[in-house]
1. Which value in nm describes the separation of the simple spin-label points at ASN51 and LYS175, placed 7 Å from the Cα toward the beta carbon?
2. Among THR180, TYR86, ILE28, whose Cα lies farthest out toward the positive end of the dipole of the chain, if unit charges sit on the beta carbon of Lys, Arg (+1) and Asp, Glu (-1)?
3. Cα to Cα, under 30 Å, and not fewer than 8 places away if on the same chain: which lysines meet these conditions relative to LYS26?
4. As I understand it, the dipole of the chain uses +1 on the Cβ of Lys and Arg and -1 on the Cβ of Asp and Glu, about the Cα centre. Which of GLN109, GLY96, SER147 lies farthest toward its positive end?
5. Rounded to the nearest 20 Debye, what is the dipole magnitude of region 49-106 about its Cα centre when Lys and Arg each give +1 and Asp and Glu each give -1 at the C-beta?
6. Taking square-rooted eigenvalues a ≥ b ≥ c of the alpha carbon gyration tensor, is region 1-92 rounded, prolate or oblate, where a/c under 1.5 means rounded and, failing that, a/b exceeding b/c means prolate?
7. Quick query: amide H of GLY194 versus all other amide H atoms, modeled in the peptide plane; which residues come in under 5 Å with a sequence gap of 5 or more or a different chain?
8. Rounded if a/c is under 1.5, else prolate if a/b is larger than b/c, else oblate: which is region 131-180, with a ≥ b ≥ c the root eigenvalues of its Cα gyration tensor?
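Only the coordinates and a few stated rules stand behind these numbers; no lab work does. Being a predicted model, the structure only gives us computed values, none of them experimental. Cβ coordinates were reconstructed from backbone atoms using ideal geometry, including for glycine residues, and neighbour counts include every protein chain displayed.
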Amino acid sequence: MTKSNDSVSVIIPAFNEEFAIVETLKEIYEVLSANFDNFEIIVVNDGSSDNTGKAAGINKDIQILNHKENRGYGASLKTGIKRSKYDLLVIIDADGQYPADVIPEMVSQISNFDMIIGSRTGVSVKIPILRRPAKWFIKKLAEYVTSSDIKDLNSGLRCFRKSTALSYLHLLPDKFSFTTTLTVALLSDGLEIGYVEINYAE
């Protein structure tokens, strides 16, 4: 199989994920190694109180950045974005809920869009029932504000360019609304978002 010429930085925010991050990193590394000649994996250990940082060090090729205290999901992504060396970025969570094997497909489509979102609309999607009403309401509000059909507003699996992210970084919050705000900001400015359908594990 011919590998992609694209160079990719994968950024993984992690907070107290010592029991999940090893398998997650193994899967991501295998996918990237099989599909890209040039890539980097950046784990941002966000002030974890467990052994997340140590567990993430299973592979010497994985870069670990440490926050001394817990600063938030968005703050972790900002740290990783600023330190990344490639313009093509992929963000993915450390808990293994998102499928790493779709990363090559997302990267292959980014040339046609400003951001690709892994849309949790596959055949197997495990989103807790209690969260769904609030997510539905926020999604509908965002669609109204942006006059857009948004398939997944706050998915944590995305591909975008570092240059694009840096231009919006001052608007993006340090907490979990980072991805929601990024989606709304891009659509409000008329940028194009594409979607790749994914499954989402428990």
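1. Rounded to a tenth, the inter-label distance reads 3.2 nm.
2. THR180
3. Cross-link targets: LYS3, LYS54, LYS60, LYS68, LYS78, LYS82, LYS85, LYS126, LYS151, LYS162, LYS175.
4. Checking the options against the dipole of the chain, the answer is SER147.
5. In debye, rounded to 20, region 49-106 gives about 460.
6. The shape class here is oblate.
7. ASP114, MET115, ILE116, ILE117
8. Judged from the Cα gyration tensor, region 131-180 comes out prolate (a/c at least 1.5, a/b above b/c).
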